[in-house]
Structure formats: C-alpha cells, structure tokens
Amino acid sequence: MPNPLRVRNFFVSLHPERKGSVLAEVTLCSTLARRKPEKFSKQEQIKAGGHNGFTFTRVGLCLHFLLSGFLRTLVSELAKAVPRFCRVWIVRITNNKKLMIMNKTYLFAVLSSTLLLFAGVQWSSAASWRINSNANRHAHFTDINAAMSSSNVVAGDTLYLDPGCLLTSTQNVTKRVTIIGTGYFPQNDVHQQACINAYIYMKAANSKLEGVTVNNIIYICANYVTIERCFFKSVNWDGTGQYATIRQCYSTGDVYGKGSTALQSANCTIENCILIRNSYCINYLYLPTIRNNYLKCTSNNSYCLYEISQGTIVNNILLNSSNSSRCLSNVNGVLFNNNVLSADNGSSDNIKNVTNEDEIFALEGSNDQRYQLKDDSPAKGAANDGGDCGPYGGKYPYVPSGYPLGIPHFNSSVVGTRPQSGQVSVTQEVTIQKQ
C-alpha cells in the first residue's frame with residue numbers, strides 16, 4: 001500500500017470518570033485505489049500493559065477518545081452508512097485490560113469532528129500544548145507562564161510537560177487548564193520526570209495539576225482546584241480556595257490550611273494520598289473530607305492531624321512512629337470512624353493501638369508500592385463501606401508513581417547492536433495507564 005495521505009497528527013482526549021468506558025484509538029488513513037491497509041508485522045508489535053499491542057508506521061489522522069458501549073455501537077452504525085473513503089482500524093483497551101484490534105473494517109467519509117458530533121460526543125475546541133524547558137526540543141512553550149501569556153491558550157486547554165522538563169522559576173496558572181506531567185518515582189530513568197523546582201500558584205478556578213513532580217510548595221488560590229497524582233513538598237493556601245481536591249498524591253511535606261474555622265480553605269477533599277513527614281501532616285482545615293490516606297508522622301512533638309474542625313475523617317491509616325499516642329490533636333466536631341491508628345483515640349469504630357507498619361503493610365516494592373496492605377492486615381475490610389482502609393482502598397485507589405490516566409510510559413527499551421539487512425531491531429515495552 002502506498003503511504004496514505006499525510007495529515008498532521010491530531011489528538012483528542014476525553015476522560016469521563018465513569019465505569020464501562022474504554023480507551024479507543026482510531027486511525028484514519030486514505031485508502032488510495034481501495035487497496036487493503038498494510039498488515040502489521042511482528043516486528044511492529046510492542047507490549048502494552050503485558051499484552052500485545054500495535055504501532056502504526058503509516059498513520060494519517062489519529063484520534064484518542066473514550067467511548068461508552070452505546071456510543072461505540074452508534075459510531076459503528078454511522079460508519080456503515082456513509083460512502084467509502086477511509087478505512088478505520090479501532091484499537092481498544094477493554095476493562096479486562098486486554099489489548100485487541102477489532103476484526104471489522106469500517107468505511108466512512110465524514111470528518112472526525114462530524115463523526116464525534118453524530119455519536120453524541122460534544123466536540124470541543126480545546127487544544128493541547130507541549131511545554132519543555134529546553135528550547136531545542138521545539139515545544140510550544142518553555143514554561144507554564146509563557147503558555148498563560150499566550151492568547152492562543154484558552155480555558156479548557158491541556159498543557160503537557162515533556163519528559164525531562166525542568167521548571168526552576170515561580171509558575172502561575174491563571175487560566176482554567178489541565179497540566180499533565182509524566183508521574184514520579186520513574187522505575188528506570190529519572191529523565192522521564194517533569195519537575196517544577198519552584199512555587200506554583202493555582203490561580204484559576206477549576207484548574208488541575210496531574211502527574212507532576214513539584215519539589216516545592218503548591219499554592220491553592222482559587223476554588224475547585226484539583227491536585228492529582230502529584231509528588232509535592234507542601235500544599236498551602238494563598239487567598240481563598242474552597243472545595244480543593246488533593247487526590248492520589250505522595251508527599252514528604254504537609255497540607256497546611258488557613259485555619260480550623262477559616263472559610264478560605266474550607267470544604268477540601270484529601271483522599272488516597274501518602275503523606276510521610278517528620279512533622280505535622282495535615283493542619284488547620286475547616287470542614288474537610290479526609291479519607292483513605294496513609295499519614296505517617298515521625299516526630300515525637302508533632303501529629304498526623306492537627307487543628308481540624310467539623311468535616312469527615314474516615315478509612316485512614318494514622319501512625320506516629322516516634323510517639324504512637326500522638327496521632328491527632330485539636331480535632332473537634334468531626335466524624336472520626338473506621339480509621340486504623342497507633343493511638344487510642346476515637347470511638348470503638350476505629351482500630352486502635354496498631355503501632356508498627358509491618359502489622360499493616362506488605363513493605364515490598366517501590367517507595368509507594370510498599371504501602372499496599374498485607375494479607376492479614378487489620379486495615380483489610382475495615383473501611384466504612386466494607387472495603388480497605390488506606391490509600392489503595394476506596395473509590396480512587398492510589399496509582400503507583402502517579403502515572404496520569406491514558407498516558408503511555410516506557411518500561412524498557414532494547415536496541416540491537418548488529419544491523420541485519422540494513423535494519424536495527426528495537427524492542428520497547430510500553431504501559432498505558434488505564435485507571
């Protein structure tokens with residue numbers, strides 16, 4: 001087959017947080033003279049999540065989106081009804097994590113935006129932008145500030161921090177955008193990380209930071225800010241930022257609000273996080289929801305929870321490894337149930353006086369994998385919904401290394417040393433984060 005008509009690559013990512021959806025990759029290629037598309041050879045297969053996947057060497061327009069079962073059926077029926085022009089191969093990752101290629105070819109001639117519109121998916125003008133601190137990488141911008149200053153970047157856009165991107169000056173997020181990094185604790189190469197080694201101010205309501213290593217303080221300055229799957233040294237409030245969400249994060253610092261009766265930092269949610277610190281872990285919050293976290297304080301003079309009023313604190317694991325009795329102080333008027341803690345605090349709905357990590361966790365694997373529960377852990381089945389306490393339980397189980405949803409990451413790459421017939425063999429193992 002001759003090379004298909006080259007259209008610049010175009011990616012759309014939709015991530016509705018609902019069960020039953022699948023990640024689909026649609027590849028549109030011109031079928032000149034109606035010739036069959038080139039078959040995939042074994043050399044073009046890669047491993048994705050432990051299963052065989054496919055790479056495309058001749059690709060025109062590519063779309064990445066999530067489709068429910070109903071929408072997949074509707075797309076299929078629409079594709080049958082239109083004239084022949086392009087062949088569409090749909091590669092999908094199903095909920096059982098099996099990567100497969102559909103054995104049917106759909107023919108259609110409408111533009112992708114029209115297809116998505118008829119499929120009932122709202123088409124958005126949101127754009128994606130690359131950020132890399134190294135100007136030689138030819139990204140759209142060299143830092144977040146430059147993106148915020150650009151009139152081309154608008155609310156709803158997504159900013160992707162390239163692997164190896166290192167931002168060393170204060171960053172200000174002034175538009176409602178999503179900023180996505182590459183996760184943290186890379187298993188093989190630290191250069192895969194995208195790092196911010198300075199303050200970052202989240203000044204736009206409904207802005208989101210995901211999969212980013214922040215070796216400094218994240219300041220929440222607006223309502224409904226989300227910090228998800230990030231490594232951070234501290235989260236503080238600067239001004240008013242109600243209804244913030246801190247989810248599936250790892251920290252060696254603290255979450256520090258404006259006060260136990262202060263509305264500026266009220267109604268925040270902290271869930272499925274791991275916070276390990278030699279001082280206070282979560283402090284000065286009003287009406288928070290704190291659930292399914294592991295909070296470890298290693299100081300004799302500090303507490304896991306301090307100066308918190310009202311709100312809900314459930315399904316957590318709280319340990320003070322220096323003084324087991326100092327888990328919480330000045331925590332008043334809260335629902336405090338179904339927690340596992342080293343102290344003797346709370347009602348009989350809590351599991352108390354569990355003083356050692358090895359009683360609770362498997363303690364095997366990487367920095368964050370080690371905090372998965374052992375088989376006979378007292379936190380097993382101890383949550384208020386019958387599930388597990390700690391970061392790997394609940395609605396949003398902790399994701400090791402903070403890999404963002406739908407973003408591929410390389411596990412290994414092997415390059416052959418001896419060319420054969422002018423070609424060098426390359427084997428890559430790639431995982432796509434599916435939860």
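The values are calculated or read from the model by the stated rules, or taken from the named source; none is laboratory data. All of these numbers come straight from a predicted model, not from anything done at the bench. Heads up, the Cβs are rebuilt from the backbone with ideal geometry, glycines too, and the neighbour counts pull from every protein chain shown.
Given the criteria surrounded by 18 or more Cβ atoms within 10 Å (Cβ to Cβ) and touching a Ser or Thr at 6+ places or on another chain (Cβ under 6 Å), does C195 qualify? In short, yes. Hey, among the residues in segment 119-133 that are modelled with pLDDT of 95 or more and assigned to a loop (DSSP other than H, G, I, E, B), which one's surrounded by the fewest Cβ atoms within 10 Å (Cβ to Cβ)? By that ranking, first place goes to S133. I'd like the residue in segment 367-404 that is within 14 Å of N316 (Cβ to Cβ) and of a type in the set (A, V, I, L, M) and, out of all such residues, is nearest to the chain's Cα centre (by Cα). So the residue we want is L373. Exactly one residue out of G253, G346, G239, G259 is on the phi > 0 side of the Ramachandran plot and either assigned to a strand (DSSP E or B) or touching a residue at least 40 places away in the same chain (Cβ under 8 Å) (or both), and it is G259. Under the condition of being surrounded by 14 or more Cβ atoms within 10 Å (Cβ to Cβ) and within 30 Å of the chain's Cα centre (by Cα), the residues counted in segment 352-366 number 5. Looking only at residues of segment 262-294 that are of a type in the set (S, T, Y) and in a loop (DSSP other than H, G, I, E, B), we find that the one that is surrounded by the fewest Cβ atoms within 10 Å (Cβ to Cβ) is S279.
So which of D388, D349, D344 is crowded, with 20+ Cβ neighbours inside 10 Å, charged (D, E, K, R) and within 27 Å of E307 (Cα to Cα)?
Details: D349 fails: crowded, with 20+ Cβ neighbours inside 10 Å; D344 fails: crowded, with 20+ Cβ neighbours inside 10 Å.
From the options D388, D349, D344, the qualifying one is D388.
Cβ-Cβ contacts under 6 Å between residues 6 or more apart (or on different chains), taken from a first residue in segment 136-148 that is surrounded by 17 or more Cβ atoms within 10 Å (Cβ to Cβ) to a second residue that is assigned to a helix (DSSP H, G or I) and modelled with pLDDT of 95 or more, are listed as F141/A147.
May I ask you to list the residues in segment 199-232 that are among the hydrophobic types (A, V, I, L, M, F, W, C), assigned to a strand (DSSP E or B) and crowded, with 21+ Cβ neighbours inside 10 Å? It would help to see each step written out before you state the result.
So the first thing to find is which residues in segment 199-232 are among the hydrophobic types (A, V, I, L, M, F, W, C), and the list is 200, 202, 204-205, 209, 212, 214, 217-218, 220-222, 225, 227, 230-232.
Checking which are assigned to a strand (DSSP E or B) leaves us with 200, 202, 209, 214, 217-218, 220, 227, 231-232.
Hits for segment 199-232 are I200, M202, L209, V214, I218, I220, I227, F231, F232.
Scan segment 390-416 for residues that are of a type in the set (S, T, Y) and at pLDDT below 70 and the total you get is 2.
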